[in-house]
1. So, in segment 112-127, how many residues would count as being within 17 Å of the chain's Cα centre (by Cα) and over 15 Å from Thr150 (Cβ atoms)?
2. Filter segment 102-138 down to the residues that are among the hydrophobic types (A, V, I, L, M, F, W, C), within 22 Å of Phe32 (Cβ to Cβ) and surrounded by fewer than 16 Cβ atoms within 10 Å (Cβ to Cβ) and list them by number.
3. Against the condition touching a His at 6+ places or on another chain (Cβ under 9 Å) and at negative phi, how does Thr210 come out, does it pass?
4. Within segment 2-41, restricting attention to residues that are of a type in the set (S, T, N, Q) and surrounded by 21 or more Cβ atoms within 10 Å (Cβ to Cβ), which residue is farthest from Ile216 (Cα to Cα)?
5. Would a scan of segment 168-175 turn up a residue that is loosely packed, with under 13 Cβ neighbours inside 10 Å, assigned to a loop (DSSP other than H, G, I, E, B) and of a type outside the set (D, E, K, R)?
6. Specify the residue that is modelled with the highest pLDDT; the eligible residues are those in segment 51-109 that are small (Gly, Ala, Ser) and under 30 Å from Arg208 (Cβ atoms).
7. So, in segment 195-215, of the ones that are among the β-branched types (Val, Ile, Thr) and loosely packed, with under 15 Cβ neighbours inside 10 Å, which residue ends up modelled with the lowest pLDDT?
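The values are calculated or read from the model by the stated rules, or taken from the named source; none is laboratory data. Values in this document were obtained by computation on a predicted structure and should not be read as measured data. We place every Cβ from the backbone using ideal geometry, glycine too, and count neighbours over all the protein chains shown.
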Amino acid sequence: MDWLKDPGFLGTHATIGADLSQLMATLFTGLFVIGWFQAKKRQADAHHWLMLGGMIAMLSFFIAYYLFRQLGVLAVEGKEGFGGSQALYDNVFIPVLILHIILVIIGLVMAIYMIILGFRAQMFIGNRRQLSETPLVTTWKRIGMIMGGTTAVAVLAFALRGATAGFSMRKFEVYLGFLILVAFVLGIETTIQRIWPNGARRHRALGRFTMIIYCILFVTGSFTYTMLYILYPGKIG
């Protein structure tokens, strides 16, 4: 993927990878915002399919931005990618970058969770899709199966990644952090289903929360892009 390091197409100091990442971030944020308005207008079918498209865009963004380019890792490990002062790097750029990475992880988990919740909470009246107002509860057995399956996938991904790119404690921490986050989300699910046993109400409440996450995520991503490639370009493109 060396072509991702070539000069970008947005007229900044960014590479193709960075410009593509910013473009994709704008795309999936726009899709989710449109999908949110569709949900408010009760356009259930349009909302359902658009959110699936937004999910695909978000996964593509994650793969391009964090697996191919690894900008977050590079920026945290050294100041080569940032051309501003050390104080600005330590006190502004790094905190925003860390917040951005945390929001990316939460956003990915919430996107998958919301789509699954949408399928579980939906019902059809004739050919019309709508949310069901009936209680929706996840059993501990199902939670155990989900956690076990996620752990197996994470271990396999870590092994494959290590076999191709080498093992490191940082990679281990990333995958371990992902598993901890999934366990945390499942723990929240057991609490939320007591607060909002109604599947439709839960979907709407968590949908609003997820939209807030995505909007903040877009702002932090645009902020780091601006600092890295417009205001304070460094050695890493």
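1. Here is the first cut: in segment 112-127, the ones within 17 Å of the chain's Cα centre (by Cα) are 112-117.
Narrowing the set further to residues that are over 15 Å from Thr150 (Cβ atoms) leaves 114-115, 117.
Here the count works out to 3.
2. Applying the first criterion (among the hydrophobic types (A, V, I, L, M, F, W, C)) to segment 102-138 yields 102-106, 108-112, 114-117, 119, 121, 123-125, 131, 136-137.
From what's left, within 22 Å of Phe32 (Cβ to Cβ): 102-106, 108-112, 114-117, 119, 121, 131.
Scanning segment 102-138 gives Ile102, Ile112, Ile115, Ile116, Phe119.
3. It is false that Thr210 is touching a His at 6+ places or on another chain (Cβ under 9 Å) and at negative phi.
4. Pass one, segment 2-41, residues of a type in the set (S, T, N, Q): 12, 15, 21-22, 26, 29, 38.
From the residues that got through so far, the ones that are surrounded by 21 or more Cβ atoms within 10 Å (Cβ to Cβ) too are 15, 21-22, 29.
Numbers: Thr15: 24, Ser21: 16, Gln22: 14, Thr29: 10 Å.
Ranking the qualifying residues of segment 2-41, first place goes to Thr15.
5. Applying the first criterion (loosely packed, with under 13 Cβ neighbours inside 10 Å) to segment 168-175 yields 168-170, 172-173.
With the extra rule that they be assigned to a loop (DSSP other than H, G, I, E, B), the set shrinks to 168.
Next, from what is left, pick out any that are of a type outside the set (D, E, K, R): 168.
Among the residues of segment 168-175, at least one is loosely packed, with under 13 Cβ neighbours inside 10 Å, assigned to a loop (DSSP other than H, G, I, E, B) and of a type outside the set (D, E, K, R), which makes the answer yes.
6. If we filter segment 51-109 for residues that are small (Gly, Ala, Ser), which is where we start, we get 53-54, 57, 60, 64, 72, 75, 78, 81, 83-85, 87, 107.
Next, only the ones that are under 30 Å from Arg208 (Cβ atoms) stay: 53-54, 57, 60, 64, 72, 107.
Working: Gly53: 80, Gly54: 80, Ala57: 74, Ser60: 68, Ala64: 58, Gly72: 48, Gly107: 83.
Across segment 51-109, the extreme among qualifying residues is Gly107.
7. Ile195
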